[in-house]
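The structure appears right after this line, and notes come after that.
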Amino acid sequence: MPAVSSRPARSHAADVALSPSDRVLQLLAAVAQHGSAVPVKRLAELANLPTSTVYRHLGVLKRWGFVAEGEREGTYEPGPMSLQLGWGGQASQLVKTAHDELHNLVDATGETAGLMVTINGKLVCLDLVESPQSLRCSVRRGSSLPLLRGASAKAQLAFLPIRERTAVLDVHFAPADTGKRRELERELATIRDAGYAASEGEVDWGVWGVSVPLMSRHERLLGGITLMAPSMRVARKHKALIHATVSAAGRITGRFRFSQP
């Protein structure tokens, strides 16, 4: 979201006391307008509220998915519901289309499945269906990660338009990192040929994952679905899990394309 101001918009005069619901919306506006993950201390200054009160209001917004914790501790950024509002009806339709298939994938494999999208150069989890097993791997809805490591990130990065992919790599690689950048670009080319990405331990130790991109009828990246599991449990099932995830992604893509005018 573009940064337009460091102060939230207000519909009342500054000296008029705001209701608790107004304060919640004031904080949401501040997060939306900041342009990057905003520290809680800054939000407290903007709203002229105690930090404890800001955390309480942020808890409500986080519970409803309008804000999410940023990559740096003590910061907040727009969450999945805000992102869906920003995307319009297409994101909501994608979530609805994918949700049943995520459940089916979890039922078939016993592992956790999520719907991932790329927003402003970051990987964001829009929807998640957790494994029924006590030992499981998962991410939080609305959480965001750098678009660089792990199956979920690489499956998105590989299928981004060249200009967007180059912009992401420019952010993460210094000019002196030419060798590492070329190595990643070769890996991304392999992922495009395969149609999916798989990784183990790149983000969290002992976690294996496979991610498949979801493409529009015009071959534009919509997002991707990821299946994740403890490495110890899937040692001999990689091919079966990859096949199940690729098949689920194909059904989601087919249904989504059919639903579009």
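As a calculated quantity, the FRET efficiency between ASP100 and GLU185 at R0 = 45 Å, using C-beta atoms, amounts to about 0.80.
A straight chain from ASN48 to ALA108 at 0.36 nm per residue would run longer than the Cα-Cα distance by 16.5 nm.
Per residue, how much accessible area does the stretch 104-179 have with a 1.4 Å probe, in Å²?
45 Å²
Which whole-percent values make up P(r) of the chain when all C-alpha to C-alpha distances are grouped in 10 Å steps starting at zero? Reading the bins upward from 0: 7, 28, 31, 22, 9, 2, 0.
Take each peptide in 170-178, 45-53, 124-132, 239-247, count the other Cβ atoms within 10 Å of every residue, and average; sorted highest first, the result is 124-132, 239-247, 45-53, 170-178.
Taking the solvent-accessible surface of protein heavy atoms with a 1.4 Å probe, what is the per residue accessible area of the stretch 180-245 in Å²?
Spelled out: the 1.4 Å probe surface of the stretch 180-245, per residue, equals 57 Å².
Counting only heavy atoms of the protein chains and using a 1.4 Å probe, LYS180 has close to 140 Å² of accessible surface. Of the GluC sites (Glu not before Pro) found in the stretch 180-260, those in coil by DSSP whose Cβ has at most 14 other Cβ atoms within 10 Å are GLU219. Run the paramagnetic zone check for ARG163: 7 angstrom along Cα to Cβ, then residues of the stretch 184-224 with backbone nitrogen under 12 Å. Residues passing the 12 Å test: none.
Probe radius 1.4 Å, ligands and nucleic acids ignored: give me the carbon and sulfur share of the accessible area of the chain as a rounded percent.
On the way: 7520 of 13890 Å².
Carbon and sulfur: 54 percent of the exposed surface of the chain.
Translational diffusion of the stretch 90-235 was estimated from the Stokes-Einstein equation, with Rh taken as the Kirkwood radius over Cα pairs; at 37 °C and 0.692 mPa s the coefficient is 211 µm²/s. Specify whether the C-alpha gyration tensor of the stretch 197-261 places it in the rounded, prolate or oblate class, a ≥ b ≥ c being the square roots of the eigenvalues: rounded for a/c under 1.5, otherwise prolate if a/b is larger than b/c and oblate if not. Since a/c reaches 1.5 and a/b is larger than b/c, the shape of the stretch 197-261 is classed as prolate. Fully extending the segment from LYS239 to ARG192 would add 15.1 nm, taking 0.36 nm per residue of separation and subtracting the current Cα-Cα distance.
The values are calculated or read from the model by the stated rules, or taken from the named source; none is laboratory data. Only a predicted model underlies this, so the values are computations on that prediction, with no experimental measurement involved. Backbone-built Cβ (ideal geometry, glycine too); neighbour counts: all protein chains shown. Accessible surface is based on the protein model in full, side chains and every heavy atom, while ligands, DNA and RNA are left aside. Shrake-Rupley method; radii C 1.70, N 1.55, O 1.52, S 1.80 Å.
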